[in-house]
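The values are calculated or read from the model by the stated rules, or taken from the named source; none is laboratory data. Nothing here was measured: the structure is a model prediction, and the numbers come from that model. Note that each Cβ is placed from the backbone with ideal geometry, even for glycine, and that neighbours are counted across all protein chains shown. Please note that ligands, DNA and RNA were not included when accessible areas were found on the heavy atoms of the full protein model with its side chains. Shrake-Rupley method; radii C 1.70, N 1.55, O 1.52, S 1.80 Å.
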Amino acid sequence: MIRFGAAVFLSAALLFMVQPMAARRALPVLGGTPAVWTASLLFFQAALLAGYAYAHLLTSRLALRAQIAAHAVTLLAPLAALAWLPVPGPPAPGAPPVPWLLAQLATTVGLPFFALSTTASLLQRWFSLGDPRDPYPLYAASNLGSLAGLFAYPLVLEPCFALDRQRALWAAGYALFVGLAAACAVRAWRTSAPTSPAPRERTGWADRLRWIALAAAPTSLLMGVTQHLSTDLAPFPLLWVLPLALYLLSYVVAFSSRPAISPGAALLLQSFALIPLALLMPWEITLSRLVLPLILPLHLAGFFLLSLVCHGDLAARRPPAAGLTEFYLCLAVGGAAGGAFNALAAPLLFQIPVEYPLVMTVACLLRPRTDAGPVAAWRVFGFPLACLSIGGLAFLLKWMGDADPTLHVLVAAGATVALMPLLHGLRFGLGAGVAALLLAGAAATHRSDEILHRDRSFFGAHHVERTVKGVRSLVNGRIRHGSQDEDPAWRTIPLTYYHRQGPCGLLFEAFASHVPNGRVGAVGLGAGTVAAYGLPGQRWTFFEVDPAIERTAREYFTYLADSRAAVDVVVSDGRVGLERAAPGEFGLILLDAFSSDAVPVHLLTREALELYFTRLAPGGVLALHVTNRYMDLVALLGGHAAREGWAGLLAEEGDEVEELGRDSSTWVLLARDARHLRPFLVYDEWKVLPKDPAAARWTDAHSSILPYIKLR
């Protein structure tokens, strides 16, 4: 058990070290969008499916010694190709990003990942040939190794070692794994008969489909909750890791010989987590100050318990050891199906990201049946009706103008206690109740603004809405990225963060007519609002990673067409686009490329800022829009400026300007020489940027967000 457990533990750890290593290298090329992780998960699920299919075919078609010989070739092949993981080149302009990313992952890490993915099921099957004990606890050891590898990369490998050193250490780990796998093969060879292949298990299609569904739902939820949290609620890159860690932990608990959380307890805890989550989820924007202490943990707890119940049912339905490889193959099919639904099908089927609450409801309907007899009709229908009533109460709170989030939390807690007795013995009650709460909340929080346009791409979902006052706004996630008055007399007036009385307006009032060489580069397009500050004789170049945003800005807003400057839009990640620009090409560079409140870390590293300065003409200025609810980007830029000797200014607007129909904003100006910032000092709003040389800085190799999280 120790020998086989060590082998599957190490193989899983290596798998989950290489995943973030490979996905992270694609982030700068694709704009740092959370969808990079979603698409990467799709690739790894597909590769895992291929590995499990290989293991199933190998054990069902070949005798043991032929299996060992064939698998030796599979494991040794990556040793001859460990010079993998080259820096990916950018995709061709206009090329679909998902096929490019999948091709890059296949050519860089595909072979070693495939070899490692065969381990969990194959070694468990070999273990069962010469040992009467249950082999399934080895699957828990595999997922425990996955957890270790998942956290070892960001906490140990990445902070402590350069990339070349990481490759060498990973290669050494892979060589050690090959040695452990060889020891396992020798043991299996000695203790089992070598004459015939393993018999096939007779499994019905109903069982197979149930296995696939129980594996697909948690995988889809994993992608859905990751996208929801990292785009809308608290867009920290750390949240790419936490849901995946909880997903793996649910497997560890479910397949342990003595689960730390029993199936009955998991069902009960799931109800306690999902009822308040479904009630509060539609109100998240209203309860924004409770996101970190309450709503975010509720999402993670709900996801973990949904996954635990599904995986616990899988563990209860697992076949004998002879059918082990087919069982894992069905799990891999389900995982790939769940990943494909979120990464490929959902963007085509839904204009808004509804797959997360949809699959949350489906996962509730997959709960195992716990009642032995019929359930009274009043309870079957009473639970959803009670949920609708509670949703109506939440709507009443909104109608009454309640602004205190404490009352919403008390309603959620009371609803949980009140509804729990109705759940006993119900199989579908929780799913119907969660759906009822979500629908009631969505109706209660529905905005009256007219929706003119919706679009969704690899880089996210956005829409254009029009208020009753005739103002159009581009909305991504929960953040407006530009608004425009439809009245021809007012449509050239910049609004939201870019209004003339705010830092952006003061920036151009002081500097617009003095921009060296008249060239302005802007990273991030939005609605194109800042183009309203363009002057005759100037040329502005916007770098926008999402072609859907350019189409929306041109079709539903007129800032680009009305600008007095000549305007170009380059569809490219901002950093990649500026790398292609000539040194000294721009007199002013504007950085405003955040999706919702998510921070593309690669745009704010030391190397990125140095690149921007090389593209500035003598006397040029770098302006950064750093408004953010969750990250203290001012401290980050102050640390960079202190270390590199740059001059900096800061302008911050308070929330009081929102009462005037404007959006508060924070802007930072950087220059190599303080003399270049003198035109701005005539305004009291611009203050000297606070600098802390001891502040943690971001580089392309190290970019921890933890020091800059706002705790309140």
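What the table shows:
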quantity: Distant-in-sequence amide H partners of Trp698 (H built 1.01 Å from N, under 5 Å); calculated: Arg606
quantity: Selection of trypsin sites (Lys or Arg not before Pro), the range 455-511, meeting DSSP coil and at most 10 other Cβ within 10 Å; calculated: Lys469
quantity: Rg and Dmax of the range 40-81, Cα atoms only, in Å; calculated: 12.1, 35
quantity: Per residue accessible area in Å² of the range 469-622, where ligands, DNA and RNA are left out and the probe is 1.4 Å; calculated: 34 Å²
quantity: For Thr627, distant residues with modelled amide H under 5 Å away; calculated: Thr666
quantity: Translational diffusion coefficient (Stokes-Einstein; Kirkwood radius from C-alpha pairs) of the range 497-559 at 37 °C, 0.692 mPa s, in µm²/s; calculated: 263 µm²/s
quantity: Counting DSSP beta bridges with both ends in the range 428-577, the antiparallel % (nearest 5); calculated: 60 percent
quantity: Alpha-carbon centroids, the range 451-500 and the range 1-22: separation in whole Å; calculated: 48 Å
quantity: Rounded, prolate or oblate (a/c below 1.5 giving rounded, otherwise prolate when a/b exceeds b/c) for the range 475-586 by Cα gyration tensor; calculated: oblate
quantity: Phi-based couplings in Hz for the range 617-633 (Karplus 6.51, -1.76, 1.60; Gly and Pro marked x); calculated: 6, x, x, x, 10, 9, 10, 10, 8, 10, 4, 7, 7, 10, 10, 8, 6
